[in-house]
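Asks: This is the structure I have questions about; it appears just below.
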Amino acid sequence: MSEIKNVELRNLNHEDYEELKSAMMKAYQQWPGSYWRENEIYTLLDIFPVGQIGVVVDGVIVGCALSIIVDSTIHSDEHTYRGITDNFSFSTHDPDGDVLYGVDMFIQPEFRGLRLGRRLYDARKELCEQLNLRAIVFGGRMPGYHKFASELTPKEYIQKVKSKELYDPTITFQLSNDFHVKKVLTDYLPGDKESREFAVLMQWDNIYYTKQSRDLKQRKTVIRLGLVQWQMRHYATPDDMYEQIEYFVDAVSAYQSDFILFPEFFNAPLLARHNDLPESLAIRKLAEYTEDIRDRFIQLAISYNVNIVTGSMPLIRDDKLYNVGFLCHRNGTYDRYEKIHVTPDEVKAWGLSGSDILKVYDTDCGKIGILICYDVEFPELSRLLADQGMKILFVPFLTDTQNGYSRVRYCARARAIENECFVAIAGSVGNLPKVHNMNIQYAQSAVFTPCDFAFPTNGVKNEATPNTEMILVSDVDLNLLSELHTYGSVRNLKDRRTDVFDLRLKTKK
């Protein structure tokens, strides 16, 4: 190769295709005939011109980086190459998405080893920062894996590459460019015999990403909910409970959920430390942990980029005991919600008081409502929230018997139908033998929907296994609610006879 006089990075244009095709054919010699067709390159240039970057050596294109923008809340980590590109039509490109997805990146063989690939990656990172995107993601090949496939699993192979016991020309290069491994993808690129059709989902995080600068409320339609079906267990110290909380937040946020919901009184195991006291005094001791738990949840919401509905906890205010929870936004702010209807047992055993606070909360995913357990059995509350624009209702609950659970479940399903909204419920399972008034719990967490053609026929979007500790992750599409409101078989909100009856929230005196 003669001495290089000039290297330039620039955006590709339509006139570059023939040079680009020549470079592709040389780069993909192991796959004869595998190169991007003219119409495919033209599509990329038309929908996202700044995302198509070429490297030009002495006036000739010798490589490129092709990319699109995708919405990570719609396109999960589990995908194939054809799926993420919609069979190479690139209809998955979303200008309002949050992730720069690497479609392709190559350098023709005689120009490798000149750090041209690094220049392309740096250009992608700069573009990611300029567009204020959260990350760069792509499925990376494993070209060295076929040599070890008979003795190593993909996971073992990647680990040895990460620890530098093995060298892989693609993975090693990507790791050196600050990308980290998210997971192994199977059947990612059919025909990739070297990789055995596996790929490594790689990600680079934009540390300058600022969520506030993007108008998420206007574009967010598919919302991912994460529900925690919490196992009641003994904790030697509060820190043990905090560790369990963070474990679940980590697990749910790994699926890029927008919300995580914890159950009512999930912190009840800490009552065991005060089991020598009367129940009414023990619950007040439990209330001493509430503000610290709230502050820890706020930090988790920020660090794991997820809105957290903290279930509920006891709180003393003006010497009265309330059942409250906190909506911890991922931007660091929080709201408090409170239980309005307390059960006879909560009054008898603990002396709980009912609140008079009822409101809708604005989030980066739209308006939501939160009702604690017994409150969902009073249809007036959710109807008032629906009148204020609520689209998702969260219900943390705690029930000891299947009878009690059935009341919460079937009332929650009714709320979804009559208010044309999604309803998510999450409860606890197991037992606490060393805690008075907390004998045993029964739960089956679930997400409910209206019943119409765009939704499940039984109104159940997803549900957990009964009485088993687990998480439940479910996507809900707010656009379906808008369509239901206008075109539904029945329209419960529009068809109300407000000329016959009325419902209002009393103003405080």
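Asks: If I go through the range 234-265 residue by residue, how many of them are touching a Leu at 6+ places or on another chain (Cβ under 8 Å) and either assigned to a loop (DSSP other than H, G, I, E, B) or not assigned by TED's automatic domain parsing to the domain that holds T468 (or both)?
Replies: Adding up the residues that qualify gives 6.
Asks: For the range 178-202, which residues satisfy the criterion of being surrounded by 17 or more Cβ atoms within 10 Å (Cβ to Cβ) and under 20 Å from L131 (Cα atoms)?
Replies: Across the range 178-202, the qualifying residues are F179, M202.
Asks: Something else: Could you tell me whether any residue of the range 92-109 is touching a strand residue (DSSP E or B) at 6+ places or on another chain (Cβ under 9 Å), part of a loop (DSSP other than H, G, I, E, B) and at positive phi? Lay out the reasoning, then the answer.
Replies: Of all residues in the range 92-109, those touching a strand residue (DSSP E or B) at 6+ places or on another chain (Cβ under 9 Å) come to 92-108.
Now drop any that are not part of a loop (DSSP other than H, G, I, E, B), which leaves 92-98, 108.
Of the ones still in play, those that are also at positive phi are none.
No; the residues of the range 92-109 include none that is touching a strand residue (DSSP E or B) at 6+ places or on another chain (Cβ under 9 Å), part of a loop (DSSP other than H, G, I, E, B) and at positive phi.
Asks: Test S406 against the stated conditions and say whether it is polar (S, T, N, Q) and either under 21 Å from R224 (Cβ atoms) or in contact (Cβ under 8 Å) with a residue 40 or more places away in the chain (or both).
Replies: Values: polar (S, T, N, Q): yes; either under 21 Å from R224 (Cβ atoms) or in contact (Cβ under 8 Å) with a residue 40 or more places away in the chain (or both): no.
Spelling it out, it is not the case that S406 is polar (S, T, N, Q) and either under 21 Å from R224 (Cβ atoms) or in contact (Cβ under 8 Å) with a residue 40 or more places away in the chain (or both).
Asks: Do we find that Y81 is of a type in the set (F, W, Y) and within 20 Å of L185 (Cα to Cα) in this structure? Full working, then the answer.
Replies: Details: of a type in the set (F, W, Y): yes; within 20 Å of L185 (Cα to Cα): yes.
So Y81 fits the description; yes.
Rundown of residues vs (1) out of contact with any helix residue (DSSP H, G or I) (no Cβ under 9 Å at 6 or more places or on another chain); (2) surrounded by 19 or more Cβ atoms within 10 Å (Cβ to Cβ); (3) assigned by TED's automatic domain parsing to the domain that holds S257; (4) under 27 Å from F248 (Cα atoms), yes/no style:
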{"site": "P379", "(1), (2), (3), (4)": "no, no, yes, no"}
{"site": "L384", "(1), (2), (3), (4)": "yes, no, yes, no"}
{"site": "D387", "(1), (2), (3), (4)": "yes, no, yes, no"}
{"site": "F397", "(1), (2), (3), (4)": "no, yes, yes, yes"}
{"site": "E418", "(1), (2), (3), (4)": "no, no, yes, no"}
{"site": "T457", "(1), (2), (3), (4)": "yes, no, yes, no"}
{"site": "S482", "(1), (2), (3), (4)": "yes, no, yes, no"}
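Asks: Just wondering, is there one or more residues in the range 35-53 that are in contact (Cβ under 8 Å) with a residue 60 or more places away in the chain and assigned to a loop (DSSP other than H, G, I, E, B)?
Replies: Yes, the conditions are met somewhere in the range 35-53.
Asks: Pairs only if they're at least six apart or on different chains, beta carbon under 6 angstrom, first in the range 10-34 and over 20 Å from F48 (Cβ atoms), second surrounded by 15 or more Cβ atoms within 10 Å (Cβ to Cβ) and aromatic (F, W, Y); list them, first residue then second.
Replies: M25/Y35; A27/F106; S34/Y28
Asks: Right, next: Can you name the condition, by its number, that D335 falls short on among (1) crowded, with 21+ Cβ neighbours inside 10 Å; (2) within 25 Å of the chain's Cα centre (by Cα)?
Replies: So the condition that D335 fails would be (1).
Asks: A further question on this structure: Would you kindly identify the strands (runs of 3 or more DSSP E) lying entirely within the range 132-213 that contain at least 2 residues that are of a type in the set (V, I, T), without any contact (Cβ under 8 Å) to a residue 12 or more places away in the chain and more than 30 Å from G332 (Cα to Cα)? I'd like the intermediate steps shown before the answer.
Replies: Working: elements: 135-140, 180-185, 199-205.
Fully inside the range 132-213 and qualifying: nothing.
Asks: Select the strands (runs of 3 or more DSSP E) contained entirely in the range 438-509, then report the ones holding at least 2 residues which are not aliphatic (A, V, I, L, M). Don't jump to the end; show me each part of the working.
Replies: On the way: elements: 446-448, 460-463, 470-477.
Here the list reads 460-463, 470-477.
Asks: Counting just the residues of the range 223-245 that are surrounded by fewer than 16 Cβ atoms within 10 Å (Cβ to Cβ) and in contact (Cβ under 8 Å) with a residue 24 or more places away in the chain, which one comes out farthest from T465 (Cα to Cα)?
Replies: So the residue we want is H234.
The values are calculated or read from the model by the stated rules, or taken from the named source; none is laboratory data. Quick caveat, the model's predicted, so the values are computed rather than measured. With ideal geometry, Cβ positions are generated from the backbone for all residues, glycine too; neighbour counts draw on all protein chains shown.
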